[in-house]
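Before any comments, here is the structure.
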Amino acid sequence: MANASKPIVAELGRPETPEETAARQAEQSRLYRQRKTLNNLVLSLLVTVGLVVVIVLAVPRPATVERDPVDYAQVAQSVQSSMPVPLAVPTLPEGWTSNAAELRGGGADGVASWYVGLLTPGDSPQYVGLTQALDSNPTWLAQQLGDSFAAGTVDLGGVTWTVFDNRGRSGDFGNNQYALEAESGRSTYIVAGTATPEEVQQVATSIASDVLAQPDASGD
């Protein structure tokens with residue numbers, strides 16, 4: 001029986017020599033090992049990323065970052081000497097908390113103010129902010145209330161407040177969903193927030209004695 005002739009390699013135009021066959025097989029073996037190493041590396045990375053995702057999803061995290069309540073009455077006492085008028089300090093029932101209390105500098109408008117941020121009681125607390133400005137002006141007031149709509153007045157604790165009710169109105173009113181504004185002596189007060197009108201009014205009522213006790217604009 002005749003010996004089978006070796007196949008002709010197209011690239012060479014002739015059959016491979018034994019040395020060329022060995023070199024080709026060695027190169028194929030090297031490329032196979034290289035591909036296998038790369039595949040293993042990719043697989044390892046995928047497994048690692050998968051484990052990280054599982055760990056991140058498994059670790060419980062609070063829905064919101066909780067901050068320690070602020071003792072706004074104590075803050076008011078410590079900064080009172082920096083303001084020439086008595087500062088309003090809300091007196092509210094248990095459950096109300098504060099997340100901020102500070103004096104705010106005059107800035108570009110030149111109006112200094114006392115600010116208290118309050119949170120209503122309950123599992124889903126809403127925001128009510130109290131701002132007491134010294135010697136305010138119409139520009140400052142417009143900046144604070146934006147495009148809020150004056151909807152009449154309400155008497156709370158002997159103080160007449162202008163009501164700004166933006167609930168149900170189109171537009172971005174931020175925290176001024178419901179706001180109250182009053183003036184006494186050199187002070188302008190704004191109580192506003194995302195809480196219910198009753199809760200905003202509760203804060204305004206709690207500072208009525210402070211509002212009424214303000215000296216007149218002449219300082220008498």
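Net charge near Ser78, counting Lys/Arg +1 and Asp/Glu -1 over other residues with Cβ under 14 Å of its Cβ?
Working: positive: none; negative: Asp71, Glu102.
That works out to -2.
Check which residues have an amide H placed less than 5 Å from Gln126's amide H, if you skip close sequence neighbours.
Here Thr120 satisfy the definition.
Residues with amide H under 5 Å of Ser98's amide H, sequence separation 5 or more or different chain, H placed in the peptide plane at 1.01 Å from N; which?
Residues meeting the amide H criterion: Val70, Leu119.
Mind listing the long-range amide H neighbours of Thr153? Cut-off is under 5 Å, sequence gap 5 or more, other chains count too, H placed in the peptide plane at 1.01 Å from N.
HN-HN under 5 Å from Thr153: Val163.
Roll a 1.4 angstrom probe over the protein heavy atoms and tell me the percent of accessible area of the range 93-138 that is carbon or sulfur. Present the calculation step by step, with values, prior to reporting the outcome.
Values: 1000 of 2090 Å².
Its accessible area is 48 percent carbon and sulfur atoms.
Which whole-angstrom value gives the distance between the alpha carbon centres of the range 69-109 and the range 134-203?
Value for the Cα centre distance between the two parts: 18 Å.
The values are calculated or read from the model by the stated rules, or taken from the named source; none is laboratory data. Note that this is a predicted model, so its numbers are computed, not measured. Here Cβ is always computed from backbone atoms with ideal geometry, including for glycine, and neighbour counts include all displayed protein chains. With ligands, DNA and RNA removed, areas are computed over all heavy atoms of the protein, side chains included. Shrake-Rupley method; radii C 1.70, N 1.55, O 1.52, S 1.80 Å.
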